[in-house]
1. Once you list every other residue whose beta carbon is under 15 Å from the beta carbon of Gly110, what net charge do they have if Lys and Arg are +1 and Asp and Glu are -1?
2. Find out how many positive minus negative residues lie around Ala79, taking Lys and Arg as positive, Asp and Glu as negative, among other residues whose Cβ is under 11 Å from that of Ala79.
3. Mind listing the Cα extents of the stretch 78-123 along all three principal axes, in Å, largest one first?
Amino acid sequence: MPPREHDHLGYATLKIPLWQQYSALSYQHPVRFMGSCAQLFLYYVGYGYLQELIFTLEGFNTTAWFLTCYQFLIYALLAFLQIGYAGLNQRRTTYRSYIILAALTVGTMGLSNYSVGYLNYPTQVMFKCCKLIPVLIGGIIIQKKTFNRYDVAAAICMSTGLIFFTLADSKVRPNFNTYGVFIVCMALVADAVIGNYQEKIMKLHHIPNVEMVFYSFMFGFLMILFGILMTNNLFPSIIIWNQHPLRTYGYGFLFSVFGYLGIDIVLTLIKEYGALICVTVTTCRKAITIVLSFILFSKPFIFDYVWSGLIVVFGIYLNIYSRNQAAFNDKIAYFVKIFFGSHLASKISTSTTPRILPI
């Protein structure tokens, strides 16, 4: 009996590698979404674990800028390989734009790495969650912007949660260093500025993500290398790293690869599912990173960390709601319809224009 046509098709499908079958899935397929979330958790949990692990080496905090220099070099090389694979050979914007972007990238990533030597890692992560605060303050002071009530409430919640989280940290850590708080605040300011600048030049020049990554990290690497040479920090850092090559160069390489892949999957989530879903997933990832940090690195723990962290998370979602009110209301209405009926759901899903509060 001759084989049926669909048998041939089934056999052909089995011969296709699993990763190609996964790549061919529509972004609406649940397996594709779960796979993207799993990748994000894997990359960033690994990134956070290795970052904290490296800083457990004695004297490593003095080489934080060398770590950032090494990280930028790995990022630039990986982006260069990706550009060659994609066949991109034409720069879309000026070197001046990329140099500005590189300086901001150095500020946010370099200062963030540097702060780990002075701060409890969960505190550093919590600060990094609160980019809205410098965005809102800068918008009010520099651009005379107005913000809606949800943004204002979100900033207040984040500020309150950060204050109590930091106070809790100072209670349980006798060597708590306020200099670390200052450093991570500066990283936060740079992080707030870089997002706006990236969005501006990407929309203006239609720049591929990989091109922006390559030039910003290549110029950033040269800036940091020049800085550590001028401060006589290059060779002392190399001496310290050579004492533990596996835990410095090896872990640093893995740390950089995880970070690069994490950037790529975040951009993919934003492109395929939108900022709302992406922020939800990344917020869950940060919460898990904090929990794992307490478990794996045996830190003292008090309940103040929990409720102050929840205040910050509430502020994050107020900020998301302020920019995605229609999407949020539709989802809330969907669940209300299931449990309470369509009459109440129709009131919730009615779109209203966000009220703006002058400040």
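Where a number appears in this text, it was derived from the coordinates with a stated rule and is not lab data. Keep in mind that what you see is a predicted model, and the values were worked out from it rather than measured. Note that we place each Cβ from the backbone using ideal geometry, even for glycine, and neighbour counts take in every protein chain shown.
1. Once positives and negatives cancel, what remains is 0.
2. Residues near Ala79 contribute -2 overall.
3. For the stretch 78-123, the Cα spread along each principal axis is 43, 25, 12 Å.
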